[in-house]
Structures are given as structure tokens and as C-alpha cells.
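For reference, the structure discussed in these notes is given below.
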Amino acid sequence: MAMAGVAFAAARGYGSDSMTPDKFRVALFSGNYNYTRDGANQSLNLLVGHLLDRGVAVRVYSPTSSTPAFPPVGDLVDVPAISMPFRSDYKLGRGLPAKVRADLEAFAPNIVHVSAPEFLGHAAVRWARDQQVASIASVHTRFETYPAYYGLGFLAPLIIRLLTRFYNKFDRIVAPSPSMIALLRGWGVTPPMDIWSRGIDHDRFQPSRRSLEWRRSLGIADHEVAIGFLGRLVKEKGLDVFADALAELRRRGVPHKVLVIGKGPAEAWFAKATPDAIFAGYQTGDDLGRAVASMDIFFNPSVTETFGNVTTEAMAAGVPVVAANATGAMDLVVHGGTGFLVEPRDITGYADALERIATDAALRHRFSEAGQARVADYRWDKVNEAVIDAYRALFTGRD
């Protein structure tokens, strides 16, 4: 592994004491910075906002859209792209064409930060190595889990090998949880790693946002238990497992309502698979906080997350969680303390956990209070400062 940052610092007379945030010039490469809203790009935008507040110079390179999901934070440079196979709502940047490369060279970064292992990310880290510029990768998604949702599960070992090779090209890596770092180490990823967790907007996600009036407007009575889903409606979020577990709950005759928050390309399929569900659509801002707090149980069977922002948001809102025992939840949910962790694809296990919480109001109350306490310290300013510490470590050679 080349410590490009140390070489860069030595060549320019920087010492560890002089590497304050205002000395950093960060070129951030993203596969999706703002054209479609998801947890990864919202985290990146919040990070850029924090970096700018701390005096860091940042320039973002990503595919863009004429109809973005939200305004970008910071300076955004468009990268030509093609549609991603099987997921036309996402794009693949076509490397570093001449115009983008010229912009990058004019910006003259001393840190290249890559957030996705696709064509653009490969080109960016190759450029950094050629120019002896420090490089860091942030891990956001379990891409090796995606093929199984499209009938291509046999590709997972190949993707793991490719991801391992990709991440081993960097000087440093930030991952959101200890379990994700352990997974990467198990693959054979060797660069130094730091934890860049995720924060919560505690003003938005809190129990006081719960609205019985809003629930009633959707046809959910005050005494009914609402089991919620929150996220983009795409198959890799575990929609099939969610539907099967709720079907088992119906078969058992356990009273409940299903509340779905979100939109996405698999919405029509999901609606057929969960025929009694209430689809409240896409929610943002304080409306999203109201929707989450108005759930009684949050059910998240996804195994593709590296952290699980939605899980911490539900816990902050006082909602008990049933989730897959996988990265994204296993570092957050205390089994039997704030909710239940279930082995992925264990439909009976999920139904058992949901039934236990749905039929025990005292247990829901206990999990609610414990969940709020568990995530009280997850705050964006604190977790984003960890990235600045990781940047600084690039120039000191600290493992």
C-alpha cells in the first residue's frame, strides 16, 4: 500500500501539526450525489456541508440529472454516465473524460475521496495513485448482496474479489460500523480503517412527532399496531422477506396494519405482495419524522446496508425494531433490549418477533425507551468530524 499522503505532505513541507482542515483540498467522487435520494448520498451531502463549515475545500464529481432529487451541497461537477443495468434509476459514471480530468487537475486536490466502486471510482483512485495524491474510500453499500435479488447470486464471490481488489488500492478506508470493518478484513482488505458512523436529526426523529390524527387519515385506528417499512422500494431492501413475514403474520391471525413509507421501481410488485398495506408515499422533512414516529414497529429485513440510517431514525423516534442480523443493524439493535435481530430470510423468526412485539404493549414501551437511549449520541457533527480525523491520518501515516 502506497502512503501517497505522507509523500505529498513531505514534498510540500507539511507536518502532522500543520494539517489543519483548511489545508485539505478534497475531490469527492460519487456515483449518485443528488439525482436520486438515498441514504448514502444524503450522508455525503451532510459530510460536505460539515467539511465546508470546517474550512475544507471540496469539489464533488458525480453523474447529474436535469431533475435532481434535491439541491447539491457544495460545487458539483457533472460526469458523463450511462444507466446501470437492472437499476435504470441509477447511473454509472464513464470514468474521467478529458473535460472532467482537466477540472480535477485545475482543482489540484491533496485528497481523493471515493464513495462507490464503479467506473468513476476506479478512474479516480488510479489518477490519485499516478499523481501521488492521498486516497480514501468510504463504504456505503453491500454491493455483493445485490445479484441475489436479480437471480444472479452466483456472481457474489466474483464481486467480493473485485471489491477487495478495489479497496486495497486506497491509502485508507472509512466504514460505518465495526461489523463492516470485520467483514472487509475477512475478505482480505488491508488498508487502515476508521469508523465513520452516521448521525440522526434528533429534532426531526423523536416520539413527540407521532400523530394519531395522521394515522387516522390513513385508516389506522388508535389501538391498531402499525408495522412500518421505510426506504426506497427496490427488491434489494428485502421486500420479498418483508411480504412473506407479513403474510405469515396474517395467517396466524395477529391483528396489525402495514404502513409503507417510500417510493421506487418495485412499488407495483410490492403492492401486489402486500395487498393490505397502506402506501403513504414519499415523505421528507418533518413529514418523514411524523411518519416514522407514527409506526409501532419498524421492520427492516434488508441485508444490503453497511449501517442503516433508517434503523437509527426509528429508534430515535421511539419505535421498536425488528431487523436482519446483518451489517446495518447488528451494531445498532440490542437483541431483546431495543428490538429483535433475526437471521436473514428466516420468515418464521421474523413473524415470531413481530408477533411478540405487536401483542405486548409493555414490551413495545420498554423497547421504545431503550432505543431512544441507545442512539442519543448519534449526531452528525460528531460523526462527520471522524472523517476529518481520517483525512489527517492520511498525512501522518497513522494506522
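Place a +1 charge on the Cβ of each Lys and Arg in segment 84-126 and a -1 charge on the Cβ of each Asp and Glu, then give the dipole magnitude about the Cα centre in debye, rounded to the nearest 20.
Dipole magnitude for segment 84-126 comes out near 120 debye.
Under 1.5 on a/c is rounded, so check that first for segment 133-175, then, if it is not, pick prolate when a/b is larger than b/c and oblate when it is not; a ≥ b ≥ c are the square roots of the alpha carbon gyration tensor eigenvalues.
Prolate, since a/c reaches 1.5 and a/b exceeds b/c.
Can you list residues whose amide H is under 5 Å from residue 25's amide H, if they're 5+ apart or on another chain and H is modeled 1.01 Å from N?
The list, which skips near neighbours in sequence, is 110, 111.
If you average the C-alpha positions of segment 215-256 and of segment 69-118 separately, how far apart do those two centres end up, in angstrom?
37
How large is ³J(HN,Hα) for each residue in segment 189-199, as worked out from phi by the Karplus curve 6.51 cos²θ - 1.76 cosθ + 1.60 (θ = phi - 60°), to whole Hz, x for Gly and Pro?
Values per residue, Gly and Pro as x: 7, 10, x, x, 10, 10, 8, 10, 6, 9, x Hz.
Would you mind getting the accessible area per residue of segment 79-162, heavy atoms of the protein chains only, 1.4 Å probe, in Å²?
Averaged over the residues of segment 79-162, the accessible area is 46 Å².
Around residue 302, which amide H atoms from residues at least 5 apart in sequence, or from another chain, sit under 5 Å from its own amide H, with H modelled in the peptide plane?
Residues meeting the criterion, in which the H sits 1.01 Å from N, are 324.
Could you work out the local net charge near residue 199, counting Lys and Arg as +1, Asp and Glu as -1, over the other residues with Cβ closer than 11 Å to its Cβ?
Within the 11 Å Cβ shell, the charges total -2.
Sum up the charges of everything whose Cβ sits under 10 Å from the Cβ of residue 46, counting Lys and Arg as +1 and Asp and Glu as -1, but leave residue 46 out.
Taking every other residue near residue 46 into account, the sum is -1.
So, taking all protein chains as they sit and a 1.4 Å probe, how much accessible area belongs to residue 214, in Å² rounded to tens?
Per-residue accessible area (residue 214): approximately 30 Å².
In a shell of Cβ-Cβ distance under 14 Å around residue 308, excluding residue 308 itself, what net charge do Lys and Arg (+1) and Asp and Glu (-1) give?
0
Of all the accessible heavy-atom surface of the chain, with the other protein chains kept in place and a 1.4 Å probe, what percent is carbon and sulfur?
52
Probe radius 1.4 Å, ligands and nucleic acids left out: which of 82, 227 has the largest accessible area, and how do the rest follow?
Output order, biggest surface exposure first: 82, 227.
Over the alpha-carbon set of the chain, divide Rg by the Kirkwood Rh and report the Rg/Rh ratio to two decimals.
Rg/Rh: 0.98.
Considering only protein heavy atoms, what is the solvent-accessible area of residue 103 at a probe of 1.4 Å, reported in Å² to the nearest 10?
40
So what's the back-of-envelope 222 nm ellipticity for the chain, counting only DSSP H runs of four-plus at -39500 (n - 2.57) apiece and dividing by all residues, rounded to 500?
Estimated from H runs of four or more residues: -11500 deg cm²/dmol.
Run the count for the chain, please: Lys pairs, Cα-Cα under 16 angstrom, 8 or more apart or on different chains.
5
So for 332, 162, what's the accessible-area order with a 1.4 Å probe, most first?
So, going from the largest accessible area down, we get 162, 332.
For segment 33-188, what is the charge dipole size about the Cα centre, in debye to the nearest 20, if Lys and Arg each add +1 at the Cβ and Asp and Glu each add -1 at the Cβ?
Computed charge dipole of segment 33-188: roughly 380 debye.
The values are calculated or read from the model by the stated rules, or taken from the named source; none is laboratory data. What you see is a predicted model; the values in this text were computed from it and never measured. Glycine also receives a Cβ, built like all others from the backbone with ideal geometry; neighbour counts cover every protein chain displayed. Ligands, DNA and RNA are stripped out before the accessible areas are found, and what is left, the full protein with its side chains, is counted by its heavy atoms. Shrake-Rupley method; radii C 1.70, N 1.55, O 1.52, S 1.80 Å.
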